[in-house]
Amino acid sequence: MKKKRARGRSRTRPAARPATRPAGLTPAQALWLELMPFYIREAWLLDERRLTEWLALFTDDVLYFMPRRKNVLRRESHRELTPLGDLAILEEDKRYLEMRVARLDTGMAWAEDPPSRTRHLVGNLEVAPLARGEVQAKTAFLVYRSHLETDHQLLSGCREDVLRRVKGEWKIARRTIVLDANVLLDKNLSVFL
Amino acid sequence: MGATRKYVVIDPATGKIDRRIFSEQAVYDDEMARIFGRAWLMIGHESLVPARDDFFHTYMGEDPVILTRDGQGRLHALLNMCRHRGNRVVRCDDGNATRFMCTYHGWTYRNDGALDHVPGKSEAYYDALDRDSLGLVEARVETYAGIVFATWAKDAPSLEAYLGDARWYLDTVFNRRDGGMQALGPMKWLEPVNWKTMVDNCSDNYHVPTTHLSSARMQTRFLGRPRLSHKDQFESPNKHAFVNGHSITFRDADDNAPRYVHGISTETFQLFQDYHAATMAEVERRLGAFRARRVQLGNHSIFPNGILGFRLALPRGPLQTEFWHFVLVDRAAPEALKRAIRIGSQANNGAAGMFEQDDVDNWRQVTAASASQLGRRYPQDLSMGLGHAGPHPEYPGLVSERYISENNQRLFYQRWEEFMNAESWADIALDPIKARFEGTATLRG
């Protein structure tokens with residue numbers, strides 16, 4: 001994998017190109033097979049700290065959004081997630097995401113220098129076609145973060161993405177990350193999900 | 001001083017601080033009683049309970065408290081503890097309810113705290129239970145510009161006296177507009193840090209060009225913000241001021257510079273500038289020309305645990321603090337401006353904020369060092385700017401000569417000592433209100 005990386009741009013091409021559909025698969029199954037490697041690859045990019053390549057997985061108009069999650073009564077479950085417009089944990093456009101990634105290369109982003117050791121486990125993929133060729137993709141994740149000597153955290157949650165094809169490659173046009181925590185038990189949230 | 005002085009933790013002549021106050025359980029237990037059981041504490045904002053029967057769950061120190069607006073529109077701060085056994089009667093973060101039922105035995109309280117219903121009142125209690133004396137424990141509540149404060153101390157002074165001349169500065173952010181502010185949040189997370197370090201850091205502008213340089217550089221590169229350096233900070237005309245335990249840093253502001261720091265970029269600058277210009281007449285009417293035009297509140301803390309605006313450092317044991325991050329925006333600001341502030345603020349502050357995430361590992365080592373038997377033999381050194389602060393002809397409080405100074409931190413720990421050694425509020429000094437509060441703005445808004 002490392003060798004391939006050295007060969008220039010083609011390395012960033014995900015395995016998400018429209019492929020000939022293997023016989024016997026429904027379109028939904030074929031889409032699933034196309035997207036699961038996309039998410040596996042994204043997880044490796046994050047865990048191997050290849051963040052510039054990770055950034056290239058997002059469209060220029062991306063909204064990277066992590067609402068807060070509240071304790072509310074079951075009958076008020078519609079209020080559990082804070083809507084866009086309320087204070088979010090993250091409400092980022094592409095430029096702010098780029099700032100976050102570029103910051104890590106300054107040598108002075110102390111929350112991540114020395115860097116965290118992470119493991120993104122992403123699964124439970126469900127895909128559903130949307131209008132205009134976009135696709136909704138839901139995944140669940142467990143992200144383990146180990147930092148410095150003994151700090152460690154387990155972040156659990158789900159992501160709901162809207163994917164769009166740009167020049168033949170799938171890109172994330174919108175990502176909503178829902179953590180399963182109310183009070184975050186982590187000293188900070190300095191890794192990407 | 002009524003009793004034997006117990007806490008002598010800072011030497012005002014040298015700025016040396018005994019590290020044990022950041023790690024010892026016994027000190028922490030005293031803090032809960034003598035500081036958090038006594039001071040006016042920020043607990044919420046009126047906009048979090050806008051309608052009758054709304055409630056918002058909050059804390060006073062470690063104690064869970066329900067901020068309610070009752071059926072008559074009055075605010076209450078009620079200890080979230082059933083008077084029977086002690087179960088919480090509210091488990092939600094917020095909501096709307098006229099009554100709170102304990103899920104253990106069904107004792108039910110009205111949202112003004114009165115015990116309304118006890119199952120088996122006659123059959124089990126023989127009508128002998130004195131319900132009137134068993135309402136939810138209620139704290140005193142007052143508001144400042146929509147921010148709700150509460151205290152357990154019956155002998156506490158008024159909130160106006162408690163804030164004192166600090167309000168002269170705080171008004172420049174919290175009391176600018178006729179329509180008041182709206183609180184968004186909170187985002188909540190745990191940091192392995194003693195609460196006092198977060199609070200004293202609010203006056204620590206010295207750390208900014210080291211701790212936060214990576215984020216500042218990115219703001220310059222991506223948002224067109226001015227460069228930040230130690231030199232700029234050392235030569236800055238800005239100052240610190242200290243009143244009644246409240247630590248203020250402020251800018252001697254340029255007349256026409258927009259007042260916000262979060263969300264300003266090359267693209268949004270005009271939006272901020274236009275808003276600033278459009279609202280200046282109103283702000284001048286409310287605050288007087290000097291405060292409206294020349295004073296810009298910077299980082300600050302409100303004693304004991306209010307942090308940089310309406311944000312809270314909630315103690316969770318000597319070695320841990322739950323941070324509550326809110327954003328306050330002018331209710332009447334245009335949506336585009338609110339959005340810019342909201343996005344800029346989340347990028348800078350909060351658990352994931354680029355600035356704030358870099359603070360934590362510094363602070364937690366300060367706490368860890370204080371827990372070390374060896375480390376605590378060596379006091380913290382807060383000697384910067386000793387002897388270079390005093391009264392000022394234009395600005396209320398004890399004012400430092402320079403922007404980079406540890407004067408506020410030293411005074412914060414002296415105030416801490418004063419609370420810890422006091423037997424009652426009678427032992428705690430309050431600076432008289434001396435500032436001229438020009439304009440129409442009042443304590444209430």
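Computed values, structure above
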quantity	calculated
Strands (runs of 3 or more DSSP E) within the range B:25-112 that include 2 or more residues surrounded by fewer than 23 Cβ atoms within 10 Å (Cβ to Cβ) and within 14 Å of chain A (Cβ to nearest Cβ)	B:54-60, B:94-96, B:99-101
Residue tally, condition within 20 Å of B:ASP53 (Cα to Cα) and in contact with a Ser or Thr (Cβ under 7 Å, 6 or more places away or on another chain), over the range B:76-95	2
Only one of A:LYS171, A:LYS94, A:LYS167 that is without any contact (Cβ under 8 Å) to a residue 60 or more places away in the chain and closer than 26 Å to A:PRO27 by Cβ	A:LYS167
Any hit, the range B:298-319, residues being of a type in the set (D, E, K, R) and facing another protein chain (nearest Cβ under 7 Å)	no
Residue within the range A:98-114 that is of a type in the set (S, T, N, Q), away from chain B (no Cβ under 11 Å) and touching a helix residue (DSSP H, G or I) at 6+ places or on another chain (Cβ under 7 Å) present	no
Subset of the range A:49-73 that is charged (D, E, K, R) and more than 13 Å from every other protein chain (Cβ to nearest Cβ) - its residue that is surrounded by the most Cβ atoms within 10 Å (Cβ to Cβ)	A:GLU53
Those residues of the range B:368-404 which are closer than 18 Å to B:ALA166 by Cα and either free of Cβ contacts under 8 Å to residues at least 60 places away in the same chain or assigned to a loop (DSSP other than H, G, I, E, B) (or both), in sequence order	B:GLY390, B:PRO391, B:HIS392, B:PRO393, B:GLU394, B:TYR395, B:PRO396, B:GLY397, B:GLU401, B:TYR403
Enumerated strands (runs of 3 or more DSSP E) restricted to the range A:78-164, each holding at least 3 residues that are farther than 22 Å from A:THR59 by Cα	A:117-129, A:135-147
Extreme residue, nearest to the other protein chains (Cβ to nearest Cβ), among residues of the range B:172-215 that are under 24 Å from B:ILE21 (Cβ atoms) and aromatic (Phe, Trp, Tyr)	B:TRP189
Residue selected from the range B:396-445 under the condition more than 30 Å from B:ASP178 (Cβ to Cβ) and of a type in the set (Lys, Arg), by the criterion surrounded by the most Cβ atoms within 10 Å (Cβ to Cβ)	B:ARG410
Number of the condition not met by A:THR12 [criteria: (1) surrounded by 14 or more Cβ atoms within 10 Å (Cβ to Cβ); (2) at pLDDT 95 or above]	(2)
Every residue from the range B:96-131 that is of a type outside the set (A, V, I, L, M, F, W, C), closer than 24 Å to B:PHE56 by Cβ and touching a strand residue (DSSP E or B) at 6+ places or on another chain (Cβ under 6 Å)	B:ASN96, B:ARG99, B:THR108, B:TYR109, B:ARG110, B:ASN111, B:ASP112, B:GLY113, B:ASP116, B:HIS117
Some residue of the range B:29-50 being over 20 Å from the mean Cα position of the chain (by Cα), at pLDDT 95 or above, closer than 28 Å to A:ASN71 by Cα and not hydroxyl-bearing (Ser, Thr, Tyr)	yes
Residues that are touching a residue at least 40 places away in the same chain (Cβ under 8 Å) and either of a type in the set (Lys, Arg) or not in a helix (DSSP H, G or I) (or both), drawn from the range B:220-229	B:GLY224, B:ARG225
In the range B:325-367, residue nearest to B:TYR144 (Cα to Cα) [restricted to those that are among the small types (Gly, Ala, Ser) and either part of a helix (DSSP H, G or I) or more than 7 Å from every other protein chain (Cβ to nearest Cβ) (or both)]	B:ALA332
Qualifying positions in the range A:77-97 - over 19 Å from the mean Cα position of the chain (by Cα) and more than 7 Å from every other protein chain (Cβ to nearest Cβ)	A:SER77, A:HIS78, A:ARG79, A:GLU80, A:THR82, A:PRO83, A:GLY85
Helices (runs of 4 or more DSSP H) wholly inside the range B:137-219 that include at least 1 residues being touching a residue at least 12 places away in the same chain (Cβ under 8 Å) and either under 16 Å from the mean Cα position of the chain (by Cα) or buried (at least 24 other Cβ atoms within 10 Å of the Cβ) (or both)	B:159-163, B:166-174, B:195-200
Tabulated pairs, the range A:178-193, first more than 9 Å from chain B (Cβ to nearest Cβ), second among the polar types (S, T, N, Q), C-beta under 7 angstrom, 6+ apart or interchain	A:ASP180/A:SER156; A:VAL191/A:SER116; A:VAL191/A:THR118
Flag for B:GLN357 being at pLDDT 95 or above, of a type outside the set (Phe, Trp, Tyr) and over 30 Å from A:GLU149 (Cα atoms)	no
Selection count where residues are of a type in the set (A, V, I, L, M, F, W, C) and modelled with pLDDT under 95, scope the range B:1-28	2
Selection status of B:VAL261, in a loop (DSSP other than H, G, I, E, B), β-branched (Val, Ile, Thr), away from every other protein chain (no Cβ under 14 Å) and out of contact with any Leu (no Cβ under 8 Å at 6 or more places or on another chain)	yes
Residue list for the range A:155-177, restricted to those being hydrophobic (A, V, I, L, M, F, W, C) and within 14 Å of another protein chain (Cβ to nearest Cβ)	A:LEU155, A:ILE177
Number of positions in the range B:230-249 that are surrounded by 13 or more Cβ atoms within 10 Å (Cβ to Cβ), in a loop (DSSP other than H, G, I, E, B) and more than 16 Å from the chain's Cα centre (by Cα)	2
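For every residue, the table says whether it meets (1) touching a Cys at 6+ places or on another chain (Cβ under 8 Å); (2) modelled with pLDDT of 95 or more; (3) on the phi < 0 side of the Ramachandran plot; (4) not charged (D, E, K, R).
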{"site": "B:LEU79", "(1), (2), (3), (4)": "no, yes, yes, yes"}
{"site": "B:ARG83", "(1), (2), (3), (4)": "no, yes, yes, no"}
{"site": "B:LEU115", "(1), (2), (3), (4)": "no, yes, yes, yes"}
{"site": "B:GLY120", "(1), (2), (3), (4)": "no, yes, no, yes"}
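The values are calculated or read from the model by the stated rules, or taken from the named source; none is laboratory data. Please read all numbers here as calculations on a predicted model, not as lab measurements. All Cβ positions, even for glycine, are placed from backbone atoms using ideal geometry, and neighbour counts span all protein chains on display.
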